[in-house]
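What follows is a set of notes on a single structure, which appears directly below.
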Amino acid sequence: MEASIQLLAWLAFSAILIVMMRIAQFYEKKSGNKTLYQVYPLAIFLFVVAALIYSGRSGDFVGDFRGDAFLSLGGLLTLALAAYLFELMMGRK
């Protein structure tokens, strides 16, 4: 039961990333600035793979090297994409 709740939480986070990707896509279309919205599916993929790995570990959230690696890469990529989009939208260059 706990693994399925964790999996749903990860999928909800992926849905938030999809919304962010759509915002970036809209902003690129309206402003003409490159937002790299095409890279967001990679971040979503990394988080979903990490969620699947963790859900197979009977509730353990950390300690699996593969899961931790996917989670770290997904987090770093999300951080970079969010920071880049923020800088573009706020006009700081």
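The values are calculated or read from the model by the stated rules, or taken from the named source; none is laboratory data. Predicted model, so just to flag it, every value in this text is computed and none were measured. Neighbour counts run over all protein chains shown; Cβ positions are idealised from the backbone, glycine included.
Just need a number here: residues in segment 72-93 that are in contact with a Leu (Cβ under 8 Å, 6 or more places away or on another chain) and modelled with pLDDT under 90. Qualifying residue count, segment 72-93: 0. If you check TYR54, TYR37 for being modelled with pLDDT under 85 and of a type outside the set (S, T, N, Q), only one passes: TYR54.
Among the residues making up segment 10-56, those that are more than 16 Å from THR78 (Cα to Cα) and free of Cβ contacts under 8 Å to residues at least 12 places away in the same chain are PHE26, GLU28, LYS29, LYS30, GLY32, LYS34.
Taking residues in segment 65-83 that are free of Cβ contacts under 8 Å to residues at least 60 places away in the same chain and over 17 Å from GLN38 (Cβ atoms), and partners anywhere that are of a type in the set (Ser, Thr, Tyr) and surrounded by 21 or more Cβ atoms within 10 Å (Cβ to Cβ), the pairs with Cβ atoms closer than 9 Å and at least 6 places apart or on different chains are GLY67/TYR54; LEU71/TYR54.
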